[in-house]
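These notes concern the structure reproduced below.
The values are calculated or read from the model by the stated rules, or taken from the named source; none is laboratory data. Since the model is a prediction, treat every value here as computed from it, not as a measurement. FYI the Cβ positions are ideal-geometry reconstructions off the backbone, even for glycines, and counts take in every protein chain you see. These accessible areas exclude ligands, DNA and RNA; they are computed on the full protein's heavy atoms, side chains included. Shrake-Rupley method; radii C 1.70, N 1.55, O 1.52, S 1.80 Å.
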There are 2 protein chains.
Amino acid sequence: MERHVCVDCGWVHYDNPKIVVGSVVTYEGKFLLCKRAINPRKGFWTLPAGYLEQNETTADGAMREAFEEANAKIRIRDLLALYSVTHISQVQIMYRAELDNPEFSAGPESLEVRLFEWSDIPWNDLAFPTVYWALHQYRQIKDKDYFAPFANASGEMLEKSLEVLRR
Amino acid sequence: MERHVCVDCGWVHYDNPKIVVGSVVTYEGKFLLCKRAINPRKGFWTLPAGYLEQNETTADGAMREAFEEANAKIRIRDLLALYSVTHISQVQIMYRAELDNPEFSAGPESLEVRLFEWSDIPWNDLAFPTVYWALHQYRQIKDKDYFAPFANASGEMLEKSLEVLRR
């Protein structure tokens, strides 16, 4: 296994899996999505999500990302899903969250932020398979007060989600 | 914010929160604990847990740790808890798991591995507060088929768990 070592200070850089925190945010049954202003997948729609920072709780990180990307103040309800995206060594922690009022706008990493009815979600222009998973899994538990969180999609949901990347 | 940069290759080392994966493992109602052979907290009892590796799912990581530390082949049931230990920038992902047979032994990082009845758990010699949280939270849902996973302990459970570190 190759490691990066700093010749100046001897620091060994161990690659560790990274943590992404995000949320499916709804307001009156509609879904908050952000059109990405940056690569990868610039111009495609995603959930508010990003890397957890040092000394931050996972819920605080998800709230921060929604504020940075969508100027949205969200209320975290519970853990929706825990994904392992092994080929890029990411663990994605996705919450179920709500907007208390429809105030939001595009942050610097977003071209546009919108609330979509389920049937209007731009399914052909989603940024990542995990966005597809999280939205569909949310839909399965939307009327439940509590539930066991989801893991990676499999079967038909996985198949369909991979079509996202063909665009 | 200080960052480590390699003067040789220009690699910037970003410190990211690290992911610990582990499990509360039971066999016939008894709890599998490992006495640590290494610091920190050498000689204290812990759950089988450790750092997630690159390209590994969180469940696979929890199974690997149980095998490395306790030579135990565990079956993951579901997600018990997700902890944010912010002062050391760790996210701990704890599963509920079972042993199918009572075969285990100390791996290189353990001095001893044992199954404990609840009342025999060495509460005065636990390694970390999160071990206390996970065991008590497990106890709250042990008869449930599914449940929303726990987050960091608070209130009395948090208070009592911190006594662990006074020893």
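Take the cross-link list A:Lys30/A:Lys144; A:Lys18/A:Lys73; A:Lys18/A:Lys160; B:Lys35/B:Lys144; A:Lys30/A:Lys73 and give me the ones stretching past 19 Å between alpha-carbons.
In this structure, A:Lys18/A:Lys73; A:Lys18/A:Lys160; B:Lys35/B:Lys144 exceed 19 Å between Cα atoms.
Counting only other chains, what is the mean number of Cβ atoms within 10 angstrom of the Cβ of each residue in peptide A:138-149?
That average works out to 2.
Counting DSSP beta bridges with both partners in chain A, what percentage is antiparallel, nearest 5?
70 percent
For chain B, modelled as a Gaussian network with Cα springs under 10 Å, which listed residue fluctuates most, B:Pro40, B:Pro149, B:Pro108?
B:Pro40
Would you look at the GNM of chain A, springs on alpha carbons closer than 10 Å, and say which of A:Asn39, A:Asn152, A:Asn71 moves the most?
A:Asn39
Would the stretch A:52-103 count as rounded, prolate or oblate if I go by the C-alpha gyration tensor, calling it rounded below 1.5 in a/c and otherwise prolate when a/b exceeds b/c, oblate otherwise?
Judged from the Cα gyration tensor, the stretch A:52-103 comes out prolate (a/c at least 1.5, a/b above b/c).
Considering only B:Glu98, B:Glu56, B:Glu68, give the residue with the highest GNM mean-square fluctuation for chain B, with springs between Cα atoms whenever their separation is below 10 Å.
Judging by the Gaussian network model, the answer is B:Glu56.
Given a Förster radius of 25 Å and the C-beta distance between B:Asn124 and B:Asn16 as r, what FRET efficiency does 1/(1 + (r/R0)^6) yield to the nearest 0.05?
After rounding, the FRET efficiency stands at 0.10.
What figure, in Å² to the nearest 10, do you get for the accessible area of B:Glu156 with a 1.4 Å probe and non-protein molecules left out?
Probe radius 1.4 Å; accessible area of B:Glu156 about 130 Å².
Summing both sides, how much accessible area is buried between B and A? Use a 1.4 Å probe and give Å² to the nearest 100.
Between B and A, the summed buried area is about 3100 Å².
Do any residues of the stretch B:12-47 lose at least 50 Å² of accessible area when the full set of protein chains is present rather than just their chain alone, and if so which, with a 1.4 Å probe?
Listed by number, the residues meeting the 50 Å² cut-off are B:His13, B:Asn16, B:Pro17, B:Ile19.
Averaged over its residues, how many other protein chain Cβ atoms are within 10 Å of peptide A:75-87's Cβ atoms?
Averaged over the peptide's residues, the number is 3.
Provide the net charge surrounding A:Pro102, with neighbours chosen by a C-beta distance below 14 Å and charges set as Lys +1, Arg +1, Asp -1, Glu -1.
Result for the local shell: -1.
Sort shortest first the distances from B:Asn16 to its counterpart in every other copy, using label points 7 Å along the Cα-to-beta-carbon line, and give them in nm.
Here B:Asn16 shows inter-copy label distances of 1.0 nm.
Using a/c under 1.5 as the rounded threshold, could you call the protein assembly as shown rounded, prolate or oblate? The axes a ≥ b ≥ c are square roots of the C-alpha gyration tensor eigenvalues, and prolate needs a/b larger than b/c, oblate otherwise.
prolate
What do you reckon, how do A:Arg114, A:Arg166 stack up by accessible area (1.4 Å probe), largest on top?
A:Arg166, A:Arg114
Under the rule a/c < 1.5 gives rounded, and otherwise a/b versus b/c splits prolate from oblate, where does the stretch B:15-166 land using the Cα gyration tensor?
Rounded shape, in that the Cα axes give a/c under 1.5.
For A:Glu69, tell me the accessible area in Å² from a 1.4 Å probe, rounded to the nearest 10.
Estimated to the nearest 10 Å², A:Glu69 gives 20 Å².
Could you give, in nm with one decimal, how far A:Ser154 is from each other copy of that position, shortest first, with labels 7 Å out from Cα toward Cβ?
3.5
Measuring nothing but label to label, 7 Å from Cα along Cα→Cβ, what are B:Glu117's distances to the other copies in nm, shortest first?
6.2
Solvent-accessible area per residue for the protein assembly as shown at a 1.4 Å probe radius, Å²?
On a per-residue basis, 49 Å².
Calculate how many DSSP beta bridges within the protein assembly as shown are antiparallel, expressed in % of all such bridges and rounded to the nearest 5.
70 percent
Rounded to a whole number, what % of the accessible area of the protein assembly as shown do carbon and sulfur atoms account for, probe 1.4 Å?
47 percent
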